[in-house]
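In what follows, a single structure is set out as C-alpha cells and then discussed.
The values are calculated or read from the model by the stated rules, or taken from the named source; none is laboratory data. Please read these numbers as outputs of a predicted model, since none were measured by experiment. Cβ placement follows ideal geometry from the backbone for every residue including glycine, while neighbour counts extend to all protein chains displayed. With ligands, DNA and RNA removed, areas are computed over all heavy atoms of the protein, side chains included. Shrake-Rupley method; radii C 1.70, N 1.55, O 1.52, S 1.80 Å.
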Amino acid sequence: MNQHESIDLDLDRIRLDGGTQCRANPTGAMAEEYAEAMKEGAVFPAVTVFRDGADHWLADGFTRVAAARLAGLTKIRAEVREGTRRDAVLF
C-alpha cells in the first residue's frame with residue numbers, strides 16, 4: 001500500500017470509540033443535512049482513518065460517517081493511513 005490509500009471502506013470497520021473525536025456532537029443537524037445530500041448523490045471528501053493492522057481509527061470525518069449511517073449507506077470513501085489510535089488522536 002502507498003503511504004495513503006483511498007478506498008471505499010465498510011462503515012462497520014471504522015472505530016469511533018477510541019477518544020479520537022474532539023467535537024461534542026457529530027450526529028446533530030449537520031449530519032442530517034449531509035445525509036439528505038448523500039441520498040441525493042452528493043459526493044463528499046474522503047474521511048481519514050489510521051489503520052494499525054487490526055482496526056481503522058477515525059481521525060477526521062465524524063459528521064460524514066454519522067451522515068452516511070443516517071443515509072443508510074454501508075460504505076464511505078476513506079483515506080487510509082498507516083498508524084495507531086494515537087496517530088488518529090493527534091491528527
(request) Return yes when Asp60 is open to solvent by 20 Å² or more (accessible area, probe 1.4 Å), free of Cβ contacts under 8 Å to residues at least 60 places away in the same chain and touching a helix residue (DSSP H, G or I) at 6+ places or on another chain (Cβ under 8 Å) and no when it is not. (result) no
(request) Within the range 68-90, work out how many residues are under 13 Å from Arg15 (Cα atoms), in a helix (DSSP H, G or I) and touching a Phe, Trp or Tyr at 6+ places or on another chain (Cβ under 7 Å). (result) 2
(message) Can you say whether Ala66 is more than 16 Å from Ser6 (Cβ to Cβ), open to solvent by less than 30 Å² (accessible area, probe 1.4 Å), in contact (Cβ under 8 Å) with a residue 12 or more places away in the chain and among the small types (Gly, Ala, Ser), as far as the supplied structure shows?
(response) yes
(request) Could you check how many residues of the range 69-91 are among the hydrophobic types (A, V, I, L, M, F, W, C), open to solvent by less than 70 Å² (accessible area, probe 1.4 Å) and in contact with a Ser or Thr (Cβ under 9 Å, 6 or more places away or on another chain)? (result) 4
(message) As an exercise: evaluate Ser6 against (1) modelled with pLDDT under 95; (2) part of a loop (DSSP other than H, G, I, E, B) and give the number of the one condition it does not meet.
(response) (2)
(request) Among what's in the range 37-55 and is within 14 Å of Phe91 (Cα to Cα) and of a type outside the set (D, E, K, R), pick the residue that is surrounded by the fewest Cβ atoms within 10 Å (Cβ to Cβ). (result) Thr48
(request) Look through the range 15-33, keep the residues that are in contact with a helix residue (DSSP H, G or I) (Cβ under 6 Å, 6 or more places away or on another chain) and at pLDDT 90 or above, and return whichever of them is least open to solvent (accessible area, probe 1.4 Å). (result) Ala31
